[in-house]
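Below you'll find the structure, written out as structure tokens, and then a few comments.
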Amino acid sequence: MTELKDLESELDRFRLRLFAAAAFVLLAFALLAGRLLHLQVVRHDELATQAEANRIAVLPIPPNRGLIVDRNGVVLANNYSAYTLEITPSQVKELDPLIDALASIVEITPRDRRRFKRLIDDGRGFESLPIRTKLTDEEVARFMAQRFRFPGAEVKARLFRSYPLGETGSHVLGYIGRINQAEKKLIEDWPEEEQGNYKGTDYIGKLGVEQRYERALHGVTGFEEVEQTAGGRAVRRLSSQPPTPGDTVVLSIDIKLQALVERLYGDRRGALVAIDPRNGEVLAFVSKPTFDPNLFVDGIDHESWRELNESIDKPLLNRALRGTYPPGSTFKPFMALAALNTGTRKASTTIHDGGTFMFGGRAFRSHDDKALGAVDMARSIVKSSNVYYYSLANEMGIDTIHAQLEPFGFGRRTGIDLDGEVTGVLPSTAWKKRAYKRPEQQRWYAGETISLGIGQG
């Protein structure tokens with residue numbers, strides 16, 4: 001009887017353990033099923049997107065930059081093809097040994113290596129990245145003869161920016177250069193679609209027309225979908241969308257006139273803007289001295305940059321856009337209009353030009369102290385009489401001159417479609433109070449008005 005009870009007790013314990021084991025197994029399967037449901041249903045879209053991204057790489061194809069031509073169709077900025085040695089990092093197991101091996105047959109400088117590393121650090125390891133640009137025919141031949149030694153490296157033909165007229169018109173054209181960190185941050189503030197259009201783009205307009213019309217010149221970036229392994233090795237191309245080249249920008253500039261003016265300037269410094277009075281088109285936009293924009297296309301070397309940056313002539317300064325110059329005698333017809341508008345003088349009013357105008361014990365002189373005799377308004381403009389406008393400015397006073405000439409745009413930006421224009425100065429008593437700190441500097445003196453009458457001072 002005791003043995004029967006022990007057997008029953010042993011069976012009960014066995015059933016309990018069996019039940020516990022079955023419950024554990026059922027719970028484990030329930031958890032597994034719940035996790036599977038969560039991954040396959042709840043997070044299906046998210047995980048499917050990640051898996052597809054791991055399988056497919058979208059590679060950008062930069063577009064050809066648009067041309068810049070003058071009003072007569074003369075090409076001022078174009079593109080030329082040259083060979084580039086490129087490496088696709090995702091296809092290379094050990095990058096540094098490969099670069100060292102390539103350097104034995106093609107010159108690769110420390111600067112080339114640093115630039116290549118920056119491109120990789122920017123997250124472009126799946127793209128074909130340039131390690132050396134503008135290879136010579138001899139270098140291409142040496143590489144092609146030993147190409148089997150360098151999996152992941154290849155020679156490609158790429159387009160580079162060129163300014164065929166060199167220094168001519170450089171300040172209006174500007175130049176392109178590699179995108180820097182500040183420009184990358186600016187691009188990040190653009191709409192998402194425009195940001196995507198700069199994927200794979202290394203260069204951007206820096207000054208002049210190249211900068212102002214950057215988005216039109218850039219074009220539309222294409223793409224290529226490539227299937228890849230888990231290790232990032234490309235397997236096959238799935239689809240592609242070809243890029244759209246940038247627009248051709250036609251300027252109002254007549255480059256022959258531009259070149260003529262630059263040649264006449266010689267070694268002198270200065271600025272000239274020639275405008276068609278019929279429609280306001282800019283025919284020549286000259287700032288001297290100039291510089292060669294081709295120096296900047298693939299990154300300017302240190303010596304050339306130092307020569308340009310430290311030159312006493314400041315060739316990088318756009319004097320036509322940022323220089324501030326007195327208008328000189330071109331100011332006189334506007335003074336004449338102001339005199340008619342205010343009734344200060346009639347066109348027939350005649351004064352005597354004796355070659356000097358005396359004010360406060362100081363003599364304000366004419367050209368070469370030449371006396372013109374009797375001068376009315378028409379003759380004052382034809383002969384550019386200083387004395388006529390010295391006396392007129394004294395009669396009108398500075399604030400009347402300011403009020404009359406301000407509507408013509410003096411002291412304001414012109415609004416030309418180039419970035420970086422500075423504001424001129426049309427003085428007044430209120431302007432001087434704002435411009436200076438000390439009370440004795442803030443006061444406007446009547447003698448200062450005299451020179452203003454001929455566009456000086």
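Numbers at a glance
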{"quantity": "Residue-level accessible surface for Met396, protein heavy atoms, 1.4 Å, Å²", "calculated": "20 Å²"}
{"quantity": "Total charge dipole magnitude, the chain, about the Cα centre, Cβ charges on Lys, Arg, Asp, Glu only, Debye to nearest 20", "calculated": "1460 debye"}
{"quantity": "Scaled radius of gyration (Cα, divided by 2.2 N^0.38 Å) that the stretch 326-407 gives", "calculated": "1.03"}
{"quantity": "Partner lysines for Lys432 [C-alpha distance under 20 Å; skip if fewer than 8 residues away on the same chain]", "calculated": "none"}
{"quantity": "Helix-only CD estimate at 222 nm, as mean residue ellipticity for the chain, using -39500 (n - 2.57) per DSSP H run (n ≥ 4)", "calculated": "-11500 deg cm²/dmol"}
{"quantity": "Size of electric dipole in the stretch 119-207: Cβ of Lys, Arg +1 and of Asp, Glu -1, about Cα centre, debye, nearest 20", "calculated": "440 debye"}
{"quantity": "Kyte-Doolittle mean at least 0.5, axial Cα span of 24 Å or more - DSSP H helices of the chain", "calculated": "2-37"}
{"quantity": "Along principal axes, Cα extents of the stretch 147-280, largest first, whole Å", "calculated": "64, 39, 27"}
{"quantity": "Global form of the stretch 229-316, assessed from the alpha-carbon gyration tensor, a/c cut-off 1.5", "calculated": "oblate"}
{"quantity": "Residue order for Phe296, Phe29 - accessible surface, 1.4 angstrom probe, largest first", "calculated": "Phe29, Phe296"}
{"quantity": "All aspartates and glutamates inside 19 Å of Lys383 as judged from Cα atoms, apart from same-chain residues fewer than 8 positions distant", "calculated": "Asp353, Asp368, Asp369"}
{"quantity": "For peptides 378-384, 69-75, sequence by mean Cβ density within 10 Å, most packed first", "calculated": "378-384, 69-75"}
{"quantity": "Reachable aspartates and glutamates from Lys134, criterion Cα separation under 13 angstrom, eight or more residues apart if same chain", "calculated": "Glu86, Glu107, Asp112, Asp298"}
{"quantity": "The chain - Debye-derived log10 I(q)/I(0), Cα point model, q = 0.08, 0.09, 0.12 Å⁻¹", "calculated": "-0.72, -0.82, -1.12"}
{"quantity": "Protection-proxy order for peptides 213-224, 110-121, 155-166, each taking the mean of Cβ atoms within 10 Å per residue, highest first", "calculated": "213-224, 155-166, 110-121"}
{"quantity": "Largest-first ordering by accessible area, 1.4 Å probe, given options His367, His171", "calculated": "His367, His171"}
{"quantity": "Solvent-accessible area per residue, Å², over the chain with all protein chains present [probe radius 1.4 Å]", "calculated": "59 Å²"}
{"quantity": "Among Ala371, Ile401, Tyr388 - extreme Cα towards positive end, dipole of the stretch 359-401, charges at beta-carbon", "calculated": "Ala371"}
{"quantity": "Radius of gyration and Dmax over the Cα atoms of the stretch 105-156, both given in Å", "calculated": "11.7, 32"}
{"quantity": "With every protein chain in place, the stretch 302-377: carbon and sulfur % of accessible area (1.4 Å)", "calculated": "51 percent"}
{"quantity": "Globularity index of the stretch 248-391, i.e. its alpha-carbon radius of gyration over 2.2 N^0.38 Å", "calculated": "1.47"}
{"quantity": "Paired Rg and Dmax values of the stretch 346-457, which use every Cα atom, in angstrom", "calculated": "16.1, 47"}
{"quantity": "Share of carbon and sulfur in the accessible heavy-atom surface of the stretch 95-182 [1.4 Å probe, %]", "calculated": "53 percent"}
{"quantity": "Above-threshold pairs, the threshold being 28 Å between Cα atoms, out of Lys346/Lys433; Lys93/Lys199; Lys184/Lys288; Lys288/Lys332", "calculated": "Lys346/Lys433; Lys184/Lys288"}
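The values are calculated or read from the model by the stated rules, or taken from the named source; none is laboratory data. Quantities reported herein were computed from a predicted structural model and do not represent experimental measurements. Every residue, glycine as well, gets a Cβ built from its backbone with ideal geometry; the counts of neighbours run over all protein chains shown. Surface accessibility is based on the protein's heavy atoms, side chains included, excluding ligands, DNA and RNA. Shrake-Rupley method; radii C 1.70, N 1.55, O 1.52, S 1.80 Å.
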